[in-house]
1. When the residues of region 1-33 are narrowed to those that are closer than 22 Å to L90 by Cβ and of a type in the set (D, E, K, R), which ends up most open to solvent (accessible area, probe 1.4 Å)?
2. In region 163-190, which residue that is of a type in the set (A, V, I, L, M) and surrounded by 23 or more Cβ atoms within 10 Å (Cβ to Cβ) is farthest from L13 (Cα to Cα)?
3. Check every one of the helices (runs of 4 or more DSSP H) wholly within region 48-129 and list those with 2 or more residues that are crowded, with 19+ Cβ neighbours inside 10 Å and in contact with a His (Cβ under 9 Å, 6 or more places away or on another chain).
4. Any residue in region 1-18 that is in a strand (DSSP E or B) sitting within a Cβ distance under 6 Å of a residue that is of a type in the set (A, V, I, L, M, F, W, C) and open to solvent by 10 Å² or more (accessible area, probe 1.4 Å)? List the pairs, counting only those 6 or more apart or interchain.
5. May I ask you to list the residues in region 130-156 that are part of a loop (DSSP other than H, G, I, E, B) and either of a type in the set (S, T, Y) or open to solvent by 30 Å² or more (accessible area, probe 1.4 Å) (or both)?
6. Looking for whichever is of a type outside the set (D, E), open to solvent by less than 50 Å² (accessible area, probe 1.4 Å) and either in contact (Cβ under 8 Å) with a residue 60 or more places away in the chain or assigned to a strand (DSSP E or B) (or both) here; the options are A159, A205, A193. Which one fits?
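The values are calculated or read from the model by the stated rules, or taken from the named source; none is laboratory data. Keep in mind it's a predicted model, so treat the numbers as computed, not measured. Positions of Cβ are backbone-derived with ideal geometry, glycine not excepted, and every protein chain shown enters the neighbour counts. Side chains included, ligands, DNA and RNA excluded: accessible areas come from the protein's heavy atoms. Shrake-Rupley method; radii C 1.70, N 1.55, O 1.52, S 1.80 Å.
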Amino acid sequence: MSTTIGFDLDMTLIDTRPGFRATLAALGDELGVALPLDDLSERLGPPLDATLGPYVDAAALPAAIARFRVLYVDHAITPVAVLPGAHEALAAVHDRGGRVVLVTGKYAPNARRHVDHLGLAVDVLHGEVWGVGKAAALREEGAVAYVGDHVHDVEGARAAGVLSVSVPSGGCDAAELHAAGTDVVLTDLADLAGWLDARWPGGLAATGR
C-alpha cells in the first residue's frame, strides 16, 4: 500500500484569512456583535466554538456556528488562494507514489469546496477534527506524517504516533512549533519534496508504515 502523508488545510495549504475575515464580518453584522476581525483572522486554528465563544452567548452559539458555515460559502471560497508551494507539495507526494489525506478542523463540506475550487490534489478528506482529535483520522488512513502550521497540528501528529512536519505559515512561529515537539520545521512547502526524498529515498510507493 502506498505511504500516506496527511495535510492540514487552513494556513498550511490555503490562506484562509481573507475569507474567514469576510465571513466573520457578515456574521457580526447579522448578530449585532462587534467581533475583533483582524485578531481572530490572524489566529486561525481553534474550532469555531472556541473562536466565537467569548463573543456569543452560550445558548446562541450553536446557531451562530451554523450560520457562519452558511455565510462562508458566499464569502470565503472565491477570495481564498493557495499558499506558495501547496500544489507542488501535494504533487511531490503523488510523484513519489504516495497518497494525500486532508485532515482539517474545517466543516467538511466547506473544506471540499476549497479543494474543488482550487484544484487541490487530495485523495481523502476528513473534516471537523482538531488537535488530538485528528489522530483517529490519521491512524485510520495509515498516515506516516502530518504536515501542519499550528501547535495543535503537532498535537494531532503526536497523538497519532506519526511524524510531525511543520511550516510557519500560520499563527505559530518556528520556536513555538519546536517547543510543541514537532519533528521538523520546513521553511515553507517548497521544502517538502527534499524532505520526502531524505526521509524516503526510495519513494513512497508500497513502503507502508
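1. R17
2. So in region 163-190, the residues of a type in the set (A, V, I, L, M) come out as 163, 165, 167, 174-175, 177, 179-180, 184-186, 189-190.
Add one more test, that the residue is surrounded by 23 or more Cβ atoms within 10 Å (Cβ to Cβ), and what stays is 165, 167, 177, 189.
Values: V165: 13, V167: 10, L177: 17, L189: 8 Å.
Of everything passing the filter in region 163-190, L177 is farthest from L13 (Cα to Cα).
3. On the way: elements: 48-52, 61-75, 86-95, 108-118.
Helices (runs of 4 or more DSSP H) meeting the threshold: none at all.
4. D10/L44; I14/V82; D15/A81; D15/L83
5. Within region 130-156, just W130 meets the criteria.
6. Residue meeting the stated conditions: A193.
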